[in-house]
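One structure is given below, encoded as structure tokens.
Please treat every number below as a calculation from the coordinates, not as lab data. These numbers come from a predicted model, not from an experiment. Glycine also receives a Cβ, built like all others from the backbone with ideal geometry; neighbour counts cover every protein chain displayed.
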Amino acid sequence: IEVQFLFKLVDIVVKAMSVVFPELQEQTETIRSTIRKEEDLFNRTVERGFLEWHDLIVDIASDILKAFARESPLSVMDFVELTNLDALNRAIIKGLTPEANSLEKLVHRLRGKVDFPDQALGGPNVWLKVRSDRELSNAEIRQLKTISGAEAFKLYDTYGFPLDLTQLKARELDLSVDVQGFEKLMEQQRSRSRGAQKKETIEVTSVQPLWGPTKFVGYDHLIAEGGHFVLEGDKLYVEISPFYAEMGGQVGDTGFVESTDGKQTSVLNTVRSADGVHVLRIADREIFGPGSGIPLRQIVDVDRRKLIQGHHTVTHLLHWALHEVVSRDAAQKGSYVGPDKLTFDFSSAALTPEQKRDVEKLVNEKISENAPVSWTEIPYAEVKKRKDIQQFFGEKYGDLVRVVQVGGEPTKLNGYSMELCGGTHVRSTSEIGAFRIVREEAIAAGTRRIEAVAGDAARVWAREEAARQQEKFETLSRKKPDPSPLPVFTDTVQTDEMLKQIDARAAHLEKFDVDVRDWEKKHAKQAEADLRSRAAQIANELALTKVSQKICVVGVPDADAKLLQAVADALKQKFDGPIVLAGAKGGNVALVAVVPKQLTSKFQANKIIQQIAPIVGGKGGGRPESAQGGGTDPAKIDDLLAEARRLLS
């Protein structure tokens with residue numbers, strides 16, 4: 001799809017739906033812009049998918065070429081006659097220039113420019129050969145002509161290619177698709193998705209508590225006694241509870257319950273049934289008798305609840321700060337509030353570093369003001385038209401709603417941050433502690449996610465970040481000698497001081513990283529210059545000693561492949577006969593052969609390397625004018641050089 005068109009429908013849809021959803025009129029430009037971005041992103045993704053498709057066909061063609069092997073390359077037309085892969089061959093040949101009529105050149109075209117084609121097909125030391133398809137079974141040929149389920153799934157999952165499009169493109173090239181393998185991977189992805197999105201759900205078919213929705217007392221109390229309960233398996237249905245049930249992005253409470261005789265077990269999570277009954281998942285049901293019970297004692301994990309409350313209140317402050325710094329259109333799209341961190345999803349373009357810094361600074365300023373946090377329940381009719389109270393598009397509200405406000409007079413609905421919210425919160429902003437944005441990223445076109453920590457969770461993050469910084473520093477230190485010491489980190493200071501230390505270390509590492517890259521570039525340039533200088537010196541010495549000889553076959557001490565190639569490049573400018581060089585470094589043998597073009601009718605560099613490399617336990621290949629090889633037995637280099645002299649005699 002080359003032309004975007006969906007965004008043109010926005011005005012029509014808004015006009016039709018604004019009677020029911022008047023807020024659409026205010027968001028028309030944002031909706032249009034987001035849809036255009038989504039269309040553009042989709043089109044670019046599909047374009048990359050077609051590039052991936054072409055690479056896939058190249059891989060399949062290369063595999064087919066490798067499968068038909070014998071001692072010497074055949075022409076493309078011979079390959080076509082042997083393989084009977086008409087459509088695929090047409091696709092291959094169509095992309096070739098007229099002069100690319102050998103399999104050697106075909107491989108260059110298929111796999112990109114490489115020093116010699118055996119590197120492209122199957123790695124070093126594997127020379128391309130072709131044999132008749134009669135030596136391959138029909139099953140082997142079918143397998144070679146099949147796009148695997150994994151490849152089809154990658155096209156779908158990464159690039160948006162539906163399976164039927166992949167099948168259509170495959171049929172055009174006389175290929176098939178492993179649909180069964182694709183479906184297996186699709187089901188695995190669905191299972192992963194279900195697992196990632198899974199929330200604990202409650203089946204109440206066999207349990208019908210008589211008391212109706214649970215009375216939640218956890219806004220004001222963290223311990224509750226009394227009320228009835230029903231036990232089913234590891235689920236405890238309770239009539240009253242201080243445990244907050246997972247809802248609105250906030251995780252459920254944990255803690256303990258005690259039986260009437262003082263026995264205690266852990267509460268692992270709290271959820272809510274469709275009927276509004278709180279259900280505690282407990283570790284040990286054996287402390288209770290079967291069936292219904294009489295009053296029990298419920299105890300919320302206080303420290304964990306404090307972390308959650310701090311993160312929930314600071315989520316409201318973050319939402320408010322985004323409106324102040326970025327845009328009033330930065331609408332909430334989702335959130336997670338837990339003891340370890342908070343995440344906040346919102347509609348916006350990517351934040352600039354300055355915006356992230358300003359948002360974090362503003363939130364911390366409001367925390368330090370020790371503003372009151374309060375809540376009150378009022379009829380929804382009184383707040384639904386107030387733009388200063390955050391309400392969420394698509395959310396269903398009852399007749400009575402709870403408004404959480406930060407700042408202003410408690411419960412007077414005159415705070416600077418006010419939202420409809422049923423979660424638990426601190427009583428004043430100073431209880432939150434230091435706030436830090438640790439990540440800001442895209443999760444969809446037009447939607448960003450901020451991950452942040454506050455209070456004791458920020459201290460935990462700072463310790464972990466300090467360890468990551470130390471690891472990075474040690475990695476960089478191995479690359480550049482005499483590094484400047486990393487600033488000290490200590491976790492015995494206040495949280496805001498810990499975060500300042502993290503910032504100082506981050507700045508130091510950023511500069512150190514730049515210094516290392518600059519040093520490596522300078523060192524690499526010097527190393528390259530030293531290599532060329534040494535190669536030129538060796539080439540000059542060889543040219544002087546071999547000036548009266550027709551061939552140059554020598555061993556170069558302590559030389560790897562890179563040095564040998566540089567010597568050969570320099571030497572061929574001074575010496576017009578065949579050159580064979582061998583060297584060893586670190587137990588590996590390197591070989592280079594060069595034959596002037598005017599002598600290739602008599603000697604071929606690639607054939608020389610193919611014949612001498614096995615002497616040192618290796619292989620090689622290349623072109624008639626230039627070839628390379630390697631081996632693993634340096635002790636046999638003298639024997640190899642003797643054989644090279646014999647071949648060139």
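Summary table
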{"read-out": "Separation of the Asp482 and Ala467 label points, Cα + 7 Å toward Cβ, nm", "value": "3.4"}
{"read-out": "In sequence order, calculated HN-Hα J values of segment 431-445 (Karplus, 6.51, -1.76, 1.60; Hz; x Gly/Pro)", "value": "5, 5, x, 4, 10, 9, 7, 9, 7, 9, 8, 7, 10, 6, 4"}
{"read-out": "Segment Glu541-Glu395, length gained on full extension (0.36 nm per residue, minus Cα span)", "value": "44.2 nm"}
{"read-out": "For segment 546-648: span of alpha carbons on each principal axis (Å, largest first)", "value": "34, 22, 21"}
{"read-out": "Relative pair counts by distance (%), Cα atoms of segment 311-453, 10 Å bins", "value": "12, 44, 36, 9, 0"}
{"read-out": "Ascending count of other beta-carbon atoms within 10 Å, so fewest first, for Lys500, Lys511", "value": "Lys511, Lys500"}
{"read-out": "Gain in span if fully extended, Asp456 to Asp329, counting 0.36 nm per residue against the direct Cα distance", "value": "42.6 nm"}
{"read-out": "Compactness index (Cα Rg / 2.2 N^0.38 Å), segment 215-300", "value": "0.96"}
{"read-out": "More than 17 Å apart - percent of Cα-Cα pairs taken over segment 248-352", "value": "63"}
{"read-out": "Amide H contacts under 5 Å for Lys215, placed H, 5+ residues apart", "value": "Ile240, Ser241"}
{"read-out": "Dimensionless Rg/Rh of segment 424-474 - Kirkwood Rh, Rg from C-alpha atoms", "value": "1.11"}
{"read-out": "Environment charge at Leu640 (Cβ cut-off 14 Å; Lys +1, Arg +1, Asp -1, Glu -1)", "value": "0"}
{"read-out": "Förster radius 56 Å - calculated FRET efficiency between Arg171 and Glu225 (Cβ-Cβ, nearest 0.05)", "value": "0.20"}
{"read-out": "Of Lys550/Lys572; Lys387/Lys412; Lys8/Lys396; Lys306/Lys341; Lys333/Lys396, pairs whose Cα-Cα distance is over 18 Å", "value": "Lys8/Lys396"}
{"read-out": "Extension reserve of the Ile12-Glu497 stretch, reckoned as 0.36 nm per residue once the Cα distance is removed", "value": "169.2 nm"}
{"read-out": "Which of Thr490, Thr313, Thr45 has the fewest Cβ neighbours within 10 Å, and the rest in rising order", "value": "Thr490, Thr45, Thr313"}
{"read-out": "Inter-label distance for Ala642 and Glu286, nm, one decimal - labels placed 7 Å from Cα along Cα-to-Cβ", "value": "8.2"}
{"read-out": "Highest-first arrangement of 327-333, 519-525, 563-569, where packing means the average Cβ count within 10 Å", "value": "563-569, 327-333, 519-525"}
{"read-out": "Reach of Lys480 by Cα under 12 Å, taken over aspartates and glutamates that are not fewer than 8 positions away in the same chain", "value": "Asp513, Asp515, Asp518, Glu520"}
{"read-out": "Radius of gyration and maximum dimension Dmax of segment 460-517, Cα, Å", "value": "11.6, 35"}
{"read-out": "Segments 255-266, 414-425 sorted - mean Cβ within 10 Å per residue, highest first", "value": "414-425, 255-266"}
